[in-house]
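This report refers to the structure that appears directly beneath it.
The values are calculated or read from the model by the stated rules, or taken from the named source; none is laboratory data. Computed from a predicted structure; not experimentally measured. So basically every Cβ, Gly included, is an ideal-geometry build from the backbone, and we count neighbours across all protein chains shown. What goes into the accessible areas is simple: the full protein's heavy atoms, side chains included, and nothing from ligands, DNA or RNA. Shrake-Rupley method; radii C 1.70, N 1.55, O 1.52, S 1.80 Å.
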Amino acid sequence: MSHGRTLSVGLVGIEGHLVEVEAQLASGLPAFRIVGLPDASLAEARERVRAALESCGLTLPTRRVTANLSPAAMPKSGSAFDLALAIAVVATGHIPQRAAAADTVHLGELGLDGRLHPVRGILPMVARAVAAGHPRVVVPIGNLEEASLVPGAEVVGAAHLGEVFARYGVRTIAPTILAPPAVAPDPAHRALPDGDLADVVGQEEARLALEVAAAGAHHLFLKGPPGAGKTMLASRLPSILPELSDRDAVTVTSVHSLAGTLVPGDGLVRRAPFEAPHHTASRSSIVGGGSGVPRPGAVSKAHCGVLFLDEAPEFQVAVLQTLRQPLESGEVVLHRANATARYPARFQLVMAANPCPCGLSGSRCTCGGGERRRYLARLSGPLLDRVDIQVPVPRVTRAMAAIGAAGEQSAQVAARVQLARERQHTRYRDVPWSVNGSAAGTWLRHPDQLPQAAARRGLEKLVDRGDLTMRGLDRVLRLAWTLADLAGDARPTPTHLAIATTLRMGDPHA
Ligand SMILES: Nc1ncnc2c1ncn2[C@@H]1O[C@H](COP(=O)(O)OP(=O)(O)OP(=O)(O)O)[C@@H](O)[C@H]1O
Ligand SMILES: [Mg+2]
Ligand SMILES: [Zn+2]
């Protein structure tokens, strides 16, 4: 036998592709080549495969060995093909269970000592294998839990290459395994902020803004002096957002699997993510990047959840500009020399800012009017254009705090948000969006959807006087629909329109 084959899966973005791994022996000087558009990391795979085989007492055949990964046109990268390469190479000789080895999908990185190291992106890889009709998958033991989340997968976890060979009847020297490689939790991982809305004193308008933002998935801008509670409010948004649907949960878990930010043992991600990058964050940590196959950035980790830019004007302008693409299309496209990776990036943008660069409020502020304008102008254009709600967050005075009744708890608000979302899903069954925050202007302004004439009159007056642009009108309508959904009304009422006008009026340019 001089030909061996097995299966693996490669990822482009979070999309998996079945890869056939074949090895062929030919006469000639002993050599080991890998073909099929490999990048630099596949060259290293050669050395890992050679050393790992030796750790099992096996050696590369003393002939010309050529391993081929196909389809060749699919860009490949990373170390997850190691295991499949080792199996295919050994299958060029005698393997008792050859058919089983050929029909099983093998994923995992090999250590020089033959141990199997977990790899990122196991969930989308296994999902692809199952969808392609190959449910039998061997993964590193450190990935077993995540791989088992995929319905229909028949997953086997292995700590050492020798264990995998044993399954196919290949006798190897018994490896001495000290311990399976640990899954290193990513230091960048942050748990969701906890804290309840009941902790927030006063701030009635900002609380309403937060509830409306959650219910309609509207982008939100909180503006106010230091210590007013902007960060506190924003970090309570996850506590009132609805759970992810099954489909979204799989996508979000896949993204975090690739980013290395899954918490082992937590299963599928069910809660809406909350990503709060620091204002010193680099462009690639926000939109994604890195050498080889680019990794998802904060905008993708925030998919189906919240991207929170605290102290938003402090971010580099270049970084803020890169948010334009995901805000428009709901995804990020990262180009590399031989690969284009797409990652989903449909997030709810929440920004917080002081009104001026000095951060001191009131009479202590020494900033000139020009300085203040320039400061917030950094957010204008692509970002503020898409923000439906701009809400002032004033400092809570002691008197306000004293009279402020204990605020409502997150659970109560979350229940209203959930109902409002269900109404939107029903209404938007047949259109491409599912929340008010993404509703198209043409739909909002269609005669069938416009509020009753009486309710409209106030708005028309604002437009006629030039106080409201067409874009501003769309925002008011979007917000009014969310207010109606929260109230359980079939259509926005004059009151909803009035409140909606107030919620977006923080924006003088609308
Ligand atoms: N409305 C409020 N209710 C209860 N506590 C508050 C409120 N506002 C502020 N605080 C308290 O003040 C602290 C600072 O609030 P927070 O960090 O949210 O302010 P901020 O508006 O983000 O300020 P900065 O602009 O400096 O970031 C909070 O940790 C909280 O203890
Ligand atoms: Mg803050
Ligand atoms: Zn100032």
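Could you go through the stretch 237-247 and let me know if any residue there is within 16 Å of ligand 1 (Cβ to nearest atom), open to solvent by less than 60 Å² (accessible area, probe 1.4 Å) and modelled with pLDDT under 85.
No, there is no match, as no residue in the stretch 237-247 is within 16 Å of ligand 1 (Cβ to nearest atom), open to solvent by less than 60 Å² (accessible area, probe 1.4 Å) and modelled with pLDDT under 85.
Report, by residue number, each residue of the stretch 64-81 that is basic (Lys, Arg) and at pLDDT 90 or above. Please lay out each step first, then the result.
Pass one, the stretch 64-81, residues basic (Lys, Arg): 64, 76.
Within the stretch 64-81, just Arg64 meets the criteria.
Just to be sure I understand the filter: pairs with C-beta atoms under 7 Å, separated by 6 or more residues or on different chains, first member in the stretch 151-171 and buried (at least 19 other Cβ atoms within 10 Å of the Cβ), second member of a type in the set (D, E, K, R). Which pairs pass?
Close Cβ pairs satisfying both conditions: Ala159/Arg115; His160/Arg115.
Only one residue in Val255, Val299 is in contact with a Pro (Cβ under 6 Å, 6 or more places away or on another chain) and either modelled with pLDDT of 95 or more or within 16 Å of ligand 3 (Cβ to nearest atom) (or both). Which one? Please lay out each step first, then the result.
Values: Val255 fails: either modelled with pLDDT of 95 or more or within 16 Å of ligand 3 (Cβ to nearest atom) (or both).
The match here is Val299.
Just checking, does the stretch 278-294 include any residue being open to solvent by less than 10 Å² (accessible area, probe 1.4 Å), more than 20 Å from Leu309 (Cα to Cα) and touching a residue at least 24 places away in the same chain (Cβ under 8 Å)?
yes
Have a look at His303, His335 and point out the one that is free of Cβ contacts under 8 Å to residues at least 24 places away in the same chain and either under 24 Å from Ser77 (Cβ atoms) or in contact with a Cys (Cβ under 9 Å, 6 or more places away or on another chain) (or both).
His335
For the condition assigned to a helix (DSSP H, G or I) and among the β-branched types (Val, Ile, Thr), what is the one hit in Val126, Val137? Show your work before the answer.
On the way: Val137 fails: assigned to a helix (DSSP H, G or I).
Answer to the check: Val126.
Looking at Leu144, Leu107, can you tell me which residue is aliphatic (A, V, I, L, M) and in contact (Cβ under 8 Å) with a residue 24 or more places away in the chain?
Working: Leu144 fails: in contact (Cβ under 8 Å) with a residue 24 or more places away in the chain.
Just a single option satisfies the conditions, and that option is Leu107.
If you take the residues in the stretch 320-340 that are over 16 Å from Val252 (Cα atoms) and of a type in the set (Gly, Ala, Ser), which one is farthest from ligand 1 (Cβ to nearest atom)?
That would be Ala337.
Please specify each residue of the stretch 350-375 satisfying the condition of being within 16 Å of ligand 2 (Cβ to nearest atom) and under 34 Å from the mean Cα position of the chain (by Cα). Break it down stepwise before answering.
Just the residues of the stretch 350-375 that are within 16 Å of ligand 2 (Cβ to nearest atom), to begin with: 350-361, 375.
Selection gives Val350, Met351, Ala352, Ala353, Asn354, Pro355, Cys356, Pro357, Cys358, Gly359, Tyr375.
Looking at the stretch 86-102, can you tell me whether even one residue there is among the small types (Gly, Ala, Ser), under 26 Å from Ile122 (Cβ atoms) and free of Cβ contacts under 8 Å to residues at least 24 places away in the same chain? Spell out the reasoning first.
Here is the first cut: in the stretch 86-102, the residues among the small types (Gly, Ala, Ser) are 86, 88, 91, 93, 99-102.
This time we only want the ones that are under 26 Å from Ile122 (Cβ atoms), so: 86, 88, 91, 99-102.
Okay, now just the ones that are also free of Cβ contacts under 8 Å to residues at least 24 places away in the same chain, so 99.
There is at least one residue in the stretch 86-102 that is among the small types (Gly, Ala, Ser), under 26 Å from Ile122 (Cβ atoms) and free of Cβ contacts under 8 Å to residues at least 24 places away in the same chain.
Of the conditions (1) farther than 26 Å from Val12 by Cβ; (2) more than 16 Å from ligand 2 (Cβ to nearest atom); (3) in contact (Cβ under 8 Å) with a residue 60 or more places away in the chain, Glu204 fails just one. Which one is it?
(3)
Can you name every residue in the stretch 207-250 that is among the small types (Gly, Ala, Ser), over 24 Å from the mean Cα position of the chain (by Cα) and within 16 Å of Leu486 (Cα to Cα)?
Ala209
Can you confirm whether Val170 is part of a strand (DSSP E or B) and over 19 Å from Leu258 (Cβ atoms)?
no
Please state which one of Pro140, Pro124, Pro135, Pro71 is buried (at least 24 other Cβ atoms within 10 Å of the Cβ) and at negative phi.
Step by step, each of Pro140, Pro124, Pro135, Pro71 is checked, and only Pro140 is buried (at least 24 other Cβ atoms within 10 Å of the Cβ) and at negative phi.
Kindly indicate whether Cys367 is within 16 Å of ligand 3 (Cβ to nearest atom) and touching a helix residue (DSSP H, G or I) at 6+ places or on another chain (Cβ under 6 Å).
For Cys367, the condition - within 16 Å of ligand 3 (Cβ to nearest atom) and touching a helix residue (DSSP H, G or I) at 6+ places or on another chain (Cβ under 6 Å) - is not met.
Can you find a residue in the stretch 439-448 that is acidic (Asp, Glu), modelled with pLDDT of 90 or more and not assigned by TED's automatic domain parsing to the domain that holds Leu233?
no
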